[in-house]
Each structure stands twice: as C-alpha cells, then as structure tokens.
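Heads up: the structure comes next, in structure tokens.
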Amino acid sequence: MSGTVEVDAPKAVRPGEELDVAALTAYLEREVGAQGAVTVEQFPGGHSNLTYLVHHGDREYVLRRPPFGSKVKSAHDMGREVAVLTKLAPVYDRAPQVIAYCDDAAVLGAPFYLMQRRQGVILRKDLPEGADARRACELLVDALVELHAVDYKAAGLGDFGKPAGYVERQVKGWSERYAGSQTDDVAAMASAGAWLDAHKPADSAPALIHNDFKFDNVIFDRGLTCITGVLDWEMATIGDPLMDLGTSLSYWMQSDDAAVFQQPLFGVTTKPGMIRREDVARRYLERSGRRTDALVFYYAFGLYKTAVILQQIYYRYAKGLTKDPRFAP
C-alpha cells in the first residue's frame, strides 16, 4: 500500500552513537565560523557509516563518521569520501558539496566530514500515494548510467582506483572480509565464494562506480520527477561498472522471489508497478551501450557482497560493539 510523501527526517541519536557536542561546537566555531547553539540528530537509514544532522545557529550540515566498533577501516575511510565528492560535485550535480573535513580523531573519536544537506524524498519501504513506480525505477537506472558516463579522468579522479584486475580483487577481497567477520559456519557462503572465483569474467571498460547504488541512497524531488542527490559514497572507486550494476540488482527484490529474499530493507522494489530485475539490467545495458554475457556472475557477486556486509554488521552487534537493535538476529 502506498503512503504519503515524507521528506527524509532525522530522529534522536541512537544510544551509544552520540557525538561530543562540546567538542563539535568548538570545531565548528573554529573551522566553519558560525555561531550559536549546536544540536545533533541522526538519520535513521543506513547500516554502515553514521549520518547526523547538525544544527548550528541558523545553519545546518550533514555530518558523516565511521561506525563505532567497526573492524574494517578501509570501508570507512572518510578521506576517500571527501576526495570523491570534492572532485565529483563540479561535474556531477547530484553529488553533495563538502563543507569541511576533520582527520583528527581526537575531536569526535574518528575522522568525519560535513557536507551540504539536500532535502527530498528517499524511498525506503513504501511509495508515495499516486507515485509513478515505473518512472521512479527508470530514473534510478538512468542516474546509474549517467554516473558511469562521467569523465572521471577529466574530473581529477584518474588515480582514485586501480581498475586493472578489479573483478579478481573484489572476489578475493570480499571473501577475505567474510572470513574476518565470520561468526558461524555457513556452507552456502563458502560455495558461493568458490563459484565466483571460478567464474570471473574479464574486466569491462572502467568507470567511476558507486558500489551501493539503490533507492535509499538517492534523493528524489517531492513529485518523484527527478533525482536531486546521490548519497553514501564510502565505497566509490574506479572499477568495472557492471559490478556496480550487479550490486544494484542484488538489492532489487521482487514479490515473487523466495521468502529468504523478501527483506523489508529493500521492500520498495516489491511494490506494484515496479519493474523487474531483468528490466533493470536491460535498460542499463541499452542506455549505457555496454554488453555482457556474464550477468549472472555480476548478480551473484552482488548478493555475495551484500551478505558479507550484513555479516560485518552482525559481527559488530554480536561482539557488543553496537547496541543498534536493527543489527540483532
């Protein structure tokens, strides 16, 4: 059932994820120059880097910092996010502008950065009343195509990643991440990792890729007529864009999928009028001009990577490093 349009709104900060407001106030006054009381709320979405709304006098900023207790430092490199957004914003207007970056962990316990807030509608579990579901899907796919068409070298991001051997490194790297955060023996993960290793395709022409491109990482205008912002650039790099497509497909649940795939986290794609995964892939390939006969590999890799990310999140909960109830089994 569809609901009313709701602008993505922050809520009270979750227990254990509070920021030192006094330290943040001193930083803002010193580095940004605004005056006035500082208050902090937290955006409820997202399961990796933490996102807060900071009010400082008559200004507001979005603050990003790594999760508390994470073992995977490379996945929460604030400097990488800042680097890509700083160079991408001038050539890709859906990228928010960075306001300030602090790499001194003594301020808030970890590096963090501030960026402009872009208000709008984020689709998580429901569609607004009367929404054109098909058009929303098409806009999402087209935004991914447009991102992959960015001239990353001209933007100054030519050294941002290592595209050669990208597919091989990703398969190996995510297998190692799973081993590093494993809490239980899951036979399917071992067999899936082995299958991916045995079926790696050659790298396709490189592009700037997001690596987490899905509905709840983009901002629509209130009418769902255009995408005004793309969020969560923590895994962005230069690599194989078909791997990016595979990740997006892994989030695309369908109402006729098996029960194990019916996760509320990605429930919006199961709503009436939403296009199917095969239509997502077809539109992407038609619009981008890319070709592949290994679509099953990219989809399977996306599922495997998503499973590893969920395992990393659960690891934090199981070890008592976060109290976020969303991470409980």
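The values are calculated or read from the model by the stated rules, or taken from the named source; none is laboratory data. The structure displayed is predicted, hence computed values, not measured ones. Glycine gets a Cβ as well: all are built from the backbone with ideal geometry, and neighbour counts include every protein chain shown. Side chains are part of the model used for accessible areas, which takes the heavy atoms of the whole protein and leaves out ligands, DNA and RNA. Shrake-Rupley method; radii C 1.70, N 1.55, O 1.52, S 1.80 Å.
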Here the residues within segment 219-244 that are at pLDDT 95 or above, surrounded by 21 or more Cβ atoms within 10 Å (Cβ to Cβ) and not in a strand (DSSP E or B) are 240, 241, 242, 243, 244
Among strands (runs of 3 or more DSSP E) entirely within segment 35-149, at least 1 residues that are open to solvent by less than 10 Å² (accessible area, probe 1.4 Å) and of a type in the set (A, V, I, L, M) occur in 50-56, 59-65, 112-115
Cβ pairs under 6 Å, 6+ apart or interchain, first in segment 103-132 and within 25 Å of residue 28 (Cβ to Cβ), second at pLDDT below 90 and open to solvent by 20 Å² or more (accessible area, probe 1.4 Å), ordered by first then second residue, are 119/7
Of (1) more than 21 Å from residue 232 (Cβ to Cβ); (2) open to solvent by less than 40 Å² (accessible area, probe 1.4 Å); (3) modelled with pLDDT of 95 or more, residue 286 satisfies every one except (2)
Looking at residue 13, is it in contact with a Ser or Thr (Cβ under 9 Å, 6 or more places away or on another chain), open to solvent by less than 50 Å² (accessible area, probe 1.4 Å) and either assigned to a strand (DSSP E or B) or at pLDDT 90 or above (or both)? no
